[in-house]
Amino acid sequence: MSRISILNVSSSRFILTGFPGLEVHYLWISIPFSSIYAMVFLGNCMVLHVIRTEPSLHQPMFYLLAMLGLTDLCMGLSTMYTVLGVLWGIIHEISLDSCIAQSYFIHGLSFVESSVLLAMAFDRYIAICNPLRYSSILTNDKIMKIAVAILCRSSLLIPPVIIRLKFLNYCRPHILSHSFCLHQDLIRMACSDIRFNSIYGLALVISNLLLDAVLILISYIMILYAVLAIASREERIKSLQTCVSHICAVSVFYIPIIGLTMVHRFGKHLSPLVHVLMGNIYILFPPLMNPIIYSIKTQQIRRRVQRLFYLKRM
């Protein structure tokens, strides 16, 4: 046992954790996970294909939805190799450089998704509160600028804290909590001064995820205030229905993040299986659910998907 610990401390490779205690069942566990990844890729590719090929969907709302689908697709790609690799017995460990790269993409894509959800909330606010000015405010040029701003915000703020991971001294056993790499997992194993990573990482979370959540909440308070001012009950319901898909997407993104944070912060006494399960829900639940939500709740997407499957059957 001590030999394994010494090897873990001195090595530059990190052991990936699958489902502790269920190793003999990995082949069976890999079946639902493989199905989930297949649904993530097929669902998001279908949404992207529908938006690209249907001229009537070339609108700001659907451009933002395409950004959300592309982000979810990339999130699936960034974790599939290690998650399925562990379950299939192909890989058991990952190098520091690969771990840092994967951590960058996971956290960066989470910030992108949060930013896109905020932009979609702004889109719904303009559509409901200023419908006559919607086309003049959210032009294609504005959407392009919003997309560039989202990418810059999410990709340029993370490198300082991620690059520093390369220069930390990892003297504790190199055993990751999940079958993928997270920033908080790596600094947990470091014996170097991690104050910069801790403070900067917290600032990133506050300035991105927390701020976005607050702004989304404020936008919906203003939307609700505007909707309640509408005299007709039917018009109020119709206006609110346009927000249902986005509210669901916000819920499936933020609820797993809150759950994972609570487990990491207060669930140290819980089984490692709970930590692994929450980590996989955080990674896979939004990419899996978003195509389903928008295919069911968004009428234009639903009709186009139905037409697509009907033509294939023909």
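Observations on the model:
- Test: residue in the stretch 122-139 that is under 26 Å from ALA203 (Cβ atoms), open to solvent by less than 10 Å² (accessible area, probe 1.4 Å) and either in contact with a Lys or Arg (Cβ under 6 Å, 6 or more places away or on another chain) or not hydroxyl-bearing (Ser, Thr, Tyr) (or both): no
- Among the residues here, GLY267 does not qualify as modelled with pLDDT of 85 or more and open to solvent by less than 30 Å² (accessible area, probe 1.4 Å).
- In the set ILE90, ILE100, only one residue is open to solvent by 80 Å² or more (accessible area, probe 1.4 Å) and among the β-branched types (Val, Ile, Thr); that residue is ILE90.
- Reported count of residues in the stretch 210-244, each being modelled with pLDDT under 90 and under 14 Å from LEU117 (Cα atoms), is 2.
- Residue check for ARG172: open to solvent by 50 Å² or more (accessible area, probe 1.4 Å), touching a residue at least 40 places away in the same chain (Cβ under 8 Å), farther than 24 Å from MET120 by Cβ and among the charged types (D, E, K, R): yes
- Counting only helices (runs of 4 or more DSSP H) that fall entirely inside the stretch 149-259 and contain at least 1 residues that are over 21 Å from the mean Cα position of the chain (by Cα) and more than 30 Å from LEU277 (Cβ to Cβ), the qualifying elements are 159-163, 195-205, 211-228, 233-241.
- Test: LEU311 is more than 19 Å from HIS178 (Cβ to Cβ), open to solvent by 60 Å² or more (accessible area, probe 1.4 Å), of a type outside the set (S, T, N, Q) and at pLDDT below 85: yes
- Condition met for THR82 (under 30 Å from TYR134 (Cα atoms), part of a helix (DSSP H, G or I) and of a type in the set (Ser, Thr, Tyr)): no
- Here ARG153 fits the description: in contact (Cβ under 8 Å) with a residue 40 or more places away in the chain and within 29 Å of ASP123 (Cβ to Cβ).
- Within the span defined as the stretch 110-124, every residue fails to be free of Cβ contacts under 8 Å to residues at least 40 places away in the same chain and assigned to a helix (DSSP H, G or I).
- Here ASP72 fits the description: open to solvent by less than 60 Å² (accessible area, probe 1.4 Å), at pLDDT 90 or above, acidic (Asp, Glu) and in a helix (DSSP H, G or I).
- In the stretch 50-60, the residues that are of a type outside the set (Ser, Thr, Tyr), open to solvent by 40 Å² or more (accessible area, probe 1.4 Å) and either without any contact (Cβ under 8 Å) to a residue 12 or more places away in the chain or under 23 Å from LEU118 (Cβ atoms) (or both): PRO55, HIS58, GLN59
The values are calculated or read from the model by the stated rules, or taken from the named source; none is laboratory data. Predicted model, so just to flag it, every value in this text is computed and none were measured. Cβ: placed from backbone, ideal geometry, glycine included. Neighbour counts: every protein chain shown. The protein model used for the area step is the full one, side chains on, heavy atoms only, and it has no ligands, DNA or RNA in it. Shrake-Rupley method; radii C 1.70, N 1.55, O 1.52, S 1.80 Å.
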